[in-house]
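For reference, the structure is listed below as structure tokens.
The values are calculated or read from the model by the stated rules, or taken from the named source; none is laboratory data. Fair warning: this is a prediction, and the values are worked out from it, not measured in the lab. Cβ atoms come from the backbone with ideal geometry, glycine included; neighbour counts cover every protein chain shown.
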Amino acid sequence: MTLMENGQYDFNRIEQKWQGYWLANKTFKTPDSSAKPKYYVLDMFPYPSGAGLHVGHPEGYTASDIVSRYKRMRGFNVLHPMGWDAFGLPAEQYAVQTGTHPAVTTQKNIDNMRRQIQSLGFSYDWDREVNTTDIGYVKWTQWIFLKFFNSWFDETQQKARPISELPIPDGLTGIEREKYINNHRLAYESEAPVNWCPALGTVLANEEVVGGVSERGGHPVIRKPMRQWMLRITKYSERLLDGLEGLDWSESIKKLQQDWIGKSVGAEVDFRIDGRSDVIRVFTTRPDTLFGATYMVIAPEHKLVNQITTAEYKPAIEAYKQDAARKSDLDRTDLAKDKSGQFTGAFAINPVNGQKIPIWISDYVLISYGTGAIMAVPAHDERDFEFATKFKLPIIQVVQPDNTDDAELCRQGKLCFAGDGTAINSGKFTGLKTPEFKTQITAWLEKEGLGKKAINYKLRDWLFSRQRYWGEPFPILHTEDGRVIALDESELPLQLPKLEDYKPSESGEPPLAKAVEWVNITLPDGTKAKRETNTMPQWAGSCWYYLRYMDPTNPAAPVDFKKQQYWLPIDLYIGGAEHAVLHLLYSRFWHKLLFDLGYVSTQEPYQKLINQGMILGEDNQKMSKSRGNVINPDQVVRDYGADSMRLYEMFMGPLEAAKPWSMQGVEGVHRFLQRVWRMVINPETGQMLDGVKPADADETTLRLLHQTLKKVTGDIEGFAFNTAISQMMIFVNHLSRQDIRPKDVIEKFVLILSPFAPHVCEELWQRLGHTETLACEPWPAFDANLAKEKEIEMAVQVLGKIKDKITVGADATDEQIQQAALASEKVQAAMAGKQPKKIIVIKPRLVNIVV
RNA sequence: GCCGGAGUGGCGGAAUGGCAGACGCGCGGGAUUCAAAAUCCCGUCCUGGCAACAGGGUGUGGGUUCAAGUCCCACCUCCGGUACCA
């Protein structure tokens, strides 16, 4: 063994040696079933970018690896896999520039990132590696899409069912029937204004547009009507909301999802249009303010706009509509937004009091929410107030705030009050409190046939197609006669065609349209058809990857039913908070569909979720190439070793907090590992130190050992890795000062350090005389009695100020402690002869004497 | 604007309502060395004092409590998310 020649802590050689050992021996291969209890630890798998691993990745991966190694030692059958979310824009952008097939770039990036990840010594079962772009994986992503396509949502049962079970009304013609069915599929085509990003040459989901620009790249996004595939996620709004309750996620992430789903309860009210027979339906959460509705606003895209506009206002309305249509989302949501609008010339009748109120159009009313029309109550809605003020529309106060100052301001028309209060100017409802009013008026509207209780969600259906090359092709055909048909499951997978030119077009025609031979096919019955040329978004693959890990090569199903039954749910999921709404919501949605159809046996996939915090640059700024503060993990591993890297990332601070990098901090933990090494090995000879030998530990050492075992165990369970490491530092500081280092004390210590710094611990374990890896050794148990201090030092306070310290036996009674405290000269001086009124003894901390 | 989270030494951070600053970094001093690196030892919240010690101190102002970094109220700052959702 060449390593023995050198007594120094030669981390590079040690780490390579053990990484080789683990791979060669398949140390972390996970059996599909076992008598042991299971534990599934999942990392958010990375996109294999050309830039390689970022120091942010190993943070979550190290945390999950510590838990995995710990749980194995605690006797669990641990599933801890890794894979690649490998479809997506960067590889394709590179293809556009260089003509290199994205599969080539992707493979290269994967190989590099796998090397990087393996260089950190994570205990993944590499036999379960998955890659979302593998044809064997794509097949099942397409298969799940077909499940969406071939399912409908049964509202009464609140679950998806096969489309074959859809009740179809009688008397429909063949075409009507097909249309009816298509309107109920959970995957459907829609021709609607979408977020089109000219720079990326693709449409984006609402979730991918942030502040009017694309989330990736920050390019402008405009609204443009296009034919798109949608997934009916809105059907699952209520279940996605309910499902959050039982999950062990941070409240803040749950809240983000709740807000994104955005449930609001109110009423739909019909306003008759003056001089016409039809009505405009509005949604409001404040039906109690109906008496204060002084005008209506409908979205420019509302279907009644043309019909109700009077001849006089036609040109102005036309102009406004065109203006609104041209505006990008950025313009519409511009921060310095100024309300705009146009009167239609038409009037509506307020159903509660018969008042004629003008109907306007404005782009502050969104066609995609509620009914695309509102009743405007300027006295009690900020937006309406702003609009009414600008266009000099009447403002009628109908809610009196409880606060008298606010009430006065309101009366003067200086305050727009949106809170709850008492009704005024509201006919027979005057005097009611807001919540009571809401209930009564909703019932009244229902009785009069004017409206009804309604629930709305902010969540929209998920725009699921992209005009890009590097994604899963849809298993869909469009026939010459305009029918949409799905491939049969037996025809999967549908492979991407090879292309010369990957460039997206400005017209929005997808690159796949250029693969003429691939696109045009003739069905067995002679019908000509074209393949769908859109592809699926990157989210598709990550929606179900956690299932494939359980059964990565199954050719007959995405996952074997028994296997998912054993492994689900995921016991611990670690990843960045940036996926709080996107990936986690989509993925839960897919899981629920698979649950409804009987392919998985839990309602939710991710039982516990932890979001690691961001690692900032040494300058406390977000790491970025332009700031020049990016830390390269390869370099850290080369200079200090993987164990130091792992240990440092865990020592920086709490896992969930954002924290800045410090190379000096890396050196600090590296010195700690050096000390650990020298605690066992003679650096001169490379031999085990003479002091490391079978011996009885002295009392202090034994106590500290057990305190450390206890602290580290508890801290791993609580994900407080930073404090676990400081306890181990305290232990090493102590033991390094002892000449005799009892071997079994050292061994127990090496075992508890091993999840954190596995390479050096394996090496020490071997040098301590073991022939097998320590990965399967049982976790050392602590003895609470041995961990207990014999004597405790307690502070003595007089009136809350510390005056002295006393040392008492660990099992001293409160009376004994009180006496010892009162006996102190300093305490007596501080009491100045007064009698104690009350003596509070808090073992083992302090005594407080109140005089 | 709204919704989260956080403000503690020179820095990262620690502290079931119970001795604020564990552990690490940095810094100062010493040992070792021809010298340095490495290593080891001592010190290191602030103010005053040679010292023992005294006083102050967890963003700001109030409150609850024998006792508050921790709980309550009001405010300030920073970070993250979000954006006319009626």
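Per-structure values
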read-out: When residues of the range A:247-276 are limited to those that are of a type in the set (Phe, Trp, Tyr) and more than 10 Å from RNA strand B (Cβ to nearest atom), the one farthest from the chain's Cα centre (by Cα); value: A:Phe271
read-out: Residue check, A:Ala697 closer than 25 Å to A:Tyr70 by Cβ and in contact with a strand residue (DSSP E or B) (Cβ under 8 Å, 6 or more places away or on another chain); value: yes
read-out: Among residues of the range A:750-775, those that are assigned to a loop (DSSP other than H, G, I, E, B) and either acidic (Asp, Glu) or farther than 12 Å from A:Ile14 by Cβ (or both), counted; value: 9
read-out: Among the residues listed as A:Val666, A:Val680, A:Val637, the single one being of a type in the set (A, V, I, L, M), surrounded by 21 or more Cβ atoms within 10 Å (Cβ to Cβ) and within 13 Å of RNA strand B (Cβ to nearest atom); value: A:Val666
read-out: Test result for A:Leu244, within 39 Å of the chain's Cα centre (by Cα) and free of Cβ contacts under 8 Å to residues at least 60 places away in the same chain; value: yes
read-out: Hits in the range A:432-475 - residues which are touching a helix residue (DSSP H, G or I) at 6+ places or on another chain (Cβ under 9 Å), in a loop (DSSP other than H, G, I, E, B) and of a type in the set (Gly, Ala, Ser); value: A:Gly471
read-out: In the range A:558-585, the residues that are aliphatic (A, V, I, L, M) and without any contact (Cβ under 8 Å) to a residue 60 or more places away in the chain; value: A:Val559
read-out: Candidates A:Lys503, A:Lys563, A:Lys514, A:Lys528, filtered to the one that is over 27 Å from A:Leu477 (Cβ atoms) and basic (Lys, Arg); value: A:Lys563
read-out: Elements of type strands (runs of 3 or more DSSP E) in the range A:196-288, at least 3 residues being at pLDDT 90 or above; value: A:222-231, A:263-273, A:279-284
read-out: Criterion: closer than 16 Å to A:Arg227 by Cα and exposed (fewer than 15 other Cβ atoms within 10 Å of the Cβ) - qualifying residue of A:Gly482, A:Gly508; value: A:Gly482
read-out: Any helices (runs of 4 or more DSSP H) falling wholly within the range A:15-130 and containing at least 2 residues that are free of Cβ contacts under 8 Å to residues at least 24 places away in the same chain; value: A:89-98, A:102-118
read-out: Top-ranked residue of the range A:587-622 - restricted to ones that are among the small types (Gly, Ala, Ser) and under 24 Å from A:Ser252 (Cβ atoms), ranked as surrounded by the fewest Cβ atoms within 10 Å (Cβ to Cβ); value: A:Gly613
read-out: Criterion violated by A:Leu432 - all others in (1) closer than 18 Å to A:Thr285 by Cβ; (2) within 13 Å of RNA strand B (Cβ to nearest atom); (3) surrounded by fewer than 21 Cβ atoms within 10 Å (Cβ to Cβ); (4) touching a residue at least 60 places away in the same chain (Cβ under 8 Å) satisfied; value: (2)
read-out: Positions within the range A:310-337 being within 16 Å of RNA strand B (Cβ to nearest atom) and modelled with pLDDT of 80 or more, in sequence order; value: A:Tyr320, A:Lys321, A:Asp323, A:Ala324
read-out: Some residue of the range A:595-612 being on the phi > 0 side of the Ramachandran plot and away from RNA strand B (no atom under 16 Å from the Cβ); value: yes
read-out: Subset of the range A:524-538 that is assigned to a loop (DSSP other than H, G, I, E, B) and not acidic (Asp, Glu) - its residue that is nearest to A:Leu146 (Cα to Cα); value: A:Met536
read-out: Extreme residue, surrounded by the fewest Cβ atoms within 10 Å (Cβ to Cβ), among residues of the range A:640-663 that are within 6 Å of RNA strand B (Cβ to nearest atom) and closer than 19 Å to A:Ser64 by Cα; value: A:Ala657
read-out: Qualifying position, being touching a strand residue (DSSP E or B) at 6+ places or on another chain (Cβ under 7 Å) and farther than 25 Å from A:Asn629 by Cα, among A:Tyr70, A:Tyr21, A:Tyr61, A:Tyr40; value: A:Tyr40
read-out: Number of positions in the range A:615-634 that are within 9 Å of RNA strand B (Cβ to nearest atom) and within 29 Å of A:Lys17 (Cβ to Cβ); value: 0
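Let's see how each residue does on (1) more than 7 Å from RNA strand B (Cβ to nearest atom); (2) modelled with pLDDT of 90 or more; (3) of a type in the set (Lys, Arg); (4) out of contact with any Cys (no Cβ under 7 Å at 6 or more places or on another chain):
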site	(1), (2), (3), (4)
A:Lys339	no, no, yes, yes
A:Gln342	yes, yes, no, yes
A:Gly345	yes, yes, no, yes
A:Asn350	yes, yes, no, yes
A:Asn353	yes, yes, no, yes
A:Lys356	yes, yes, yes, yes
A:Ile359	yes, yes, no, yes
A:Leu366	no, no, no, yes
A:Ala373	yes, yes, no, yes
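Conditions (1) part of a strand (DSSP E or B); (2) surrounded by 12 or more Cβ atoms within 10 Å (Cβ to Cβ); (3) more than 13 Å from RNA strand B (Cβ to nearest atom); (4) not acidic (Asp, Glu), marked per residue:
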| position | (1), (2), (3), (4) |
| --- | --- |
| A:Val796 | yes, yes, no, yes |
| A:Asp804 | yes, yes, no, no |
| A:Ala812 | no, yes, yes, yes |
| A:Ala830 | no, yes, no, yes |
| A:Gly833 | no, no, yes, yes |
| A:Ile839 | yes, yes, no, yes |
| A:Pro844 | no, yes, no, yes |
| A:Ile849 | yes, yes, no, yes |
